[in-house]
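A quick write-up on the structure given underneath.
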Amino acid sequence: MIGLMRRTAGWLVLLLLTTQAEAAEPRDAVFVVGALHDLHAAESAFDFEGLGRVIDAIQPDVLVLEVRPDELEGRLDTQGRPEYPAVVWPWLADHDVQAVAMEPGGAEFARITSAAGAQITALQARDPDAGAYRGRLRQSLETALQAYWTNAADTQNGVTADIARSWAITEAELVGAEFGTIQAEWDNHMLTQAQAAMRAHPGKRILVLGSYRNRAGLEAGLRPVAGGRLVDTEAWLRDQAFGVSDEPSSER
């Protein structure tokens with residue numbers, strides 16, 4: 001009898017924990033995850049394999065991706081975003097889920113990128129030292145982030161978001177106000193696509209895969225649309241214990 005009571009109590013505890021988890025994370029949850037791009041290859045706390053495990057654990061019905069429509073359609077190589085050929089394209093090949101591209105394509109892509117490139121070229125011409133500093137600063141910030149990151153959750157938290165934002169603000173200051181406007185146009189396009197994907201797929205579990213540089217902005221922009229469906233990515237990763245390392249960051 002005592003054994004039966006213990007087993008019954010155990011099942012009740014399991015049922016309670018399961019109910020609480022489902023209440024905290026609805027089936028139609030929305031996740032915003034920031035990929036690390038080329039830093040995945042050197043970041044043991046959140047490498048390519050770790051990104052794949054995160055996608056598997058989320059089990060999305062819809063993937064909203066930081067790629068152009070033609071890159072998604074053709075599963076093309078993605079310059080500066082090696083996580084796509086390394087992780088995302090193979091994952092999509094093995095799963096029957098819908099994927100949506102966030103980045104502009106075609107003439108819009110050419111217009112925005114050409115305008116941004118012209119601004120950077122102009123900076124290098126008028127102030128070579130500032131142009132060189134821009135490159136060094138980005139590398140320094142990436143080095144600082146990698147020293148700070150000890151698990152996957154760290155890559156999605158407020159410290160990472162603040163450092164990424166400091167880069168965006170400094171870059172706009174160096175290159176010029178017009179560059180900041182161009183970048184904002186690009187970011188707004190991606191956010192609009194992500195919002196549209198959410199509205200087009202009610203009741204679906206959605207993963208928006210952006211970058212550690214824009215994750216916080218995407219999350220903030222999606223919150224009014226997602227409401228209670230939006231999951232706290234950092235807390236969820238800590239709860240799942242993804243990429244946890246006992247090795248101090250100073251020794252990594």
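The values are calculated or read from the model by the stated rules, or taken from the named source; none is laboratory data. Model, not experiment: these values are computed from the prediction. Heads up, the Cβs are rebuilt from the backbone with ideal geometry, glycines too, and the neighbour counts pull from every protein chain shown.
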>> Being of a type in the set (D, E, K, R) and within 18 Å of the chain's Cα centre (by Cα) is true for just one of 70, 77, 94, 61. Which residue is that?
In response: 61
>> If the requirement is being under 30 Å from residue 58 (Cα atoms), of a type outside the set (S, T, N, Q) and touching a residue at least 12 places away in the same chain (Cβ under 8 Å), which of these qualifies: 130, 152?
In response: 152
>> Please go through the range 204-249 and give me each residue that is touching a strand residue (DSSP E or B) at 6+ places or on another chain (Cβ under 6 Å), buried (at least 22 other Cβ atoms within 10 Å of the Cβ) and either aromatic (Phe, Trp, Tyr) or at pLDDT below 95 (or both), ordered by number.
In response: 212
> Any idea how many residues of the range 141-179 are of a type in the set (Ser, Thr, Tyr), surrounded by fewer than 18 Cβ atoms within 10 Å (Cβ to Cβ) and within 11 Å of residue 216 (Cα to Cα)?
Replying inline: 0
> Which one of 87, 32 is assigned to a helix (DSSP H, G or I), in contact with a Gly (Cβ under 9 Å, 6 or more places away or on another chain) and at pLDDT 95 or above?
Replying inline: 87
> Taking residue 114 and the conditions (1) modelled with pLDDT of 95 or more; (2) under 16 Å from residue 35 (Cα atoms), which numbered condition does it fall short on, given that it satisfies the others?
Replying inline: (2)
> What single numbered condition from (1) outside any strand (DSSP E or B); (2) within 24 Å of residue 50 (Cβ to Cβ) fails to hold for residue 64?
Replying inline: (1)
> Quick one: is residue 116 surrounded by fewer than 14 Cβ atoms within 10 Å (Cβ to Cβ) and outside any strand (DSSP E or B)?
Replying inline: no
>> Quick check on this structure: which one of 152, 101, 194 is of a type in the set (Gly, Ala, Ser), within 19 Å of residue 32 (Cα to Cα) and in contact with a Pro (Cβ under 9 Å, 6 or more places away or on another chain)?
In response: 101
>> Given the criterion at pLDDT below 95 and either of a type in the set (D, E, K, R) or out of contact with any helix residue (DSSP H, G or I) (no Cβ under 7 Å at 6 or more places or on another chain) (or both), identify the matching residue among 45, 9.
In response: 9
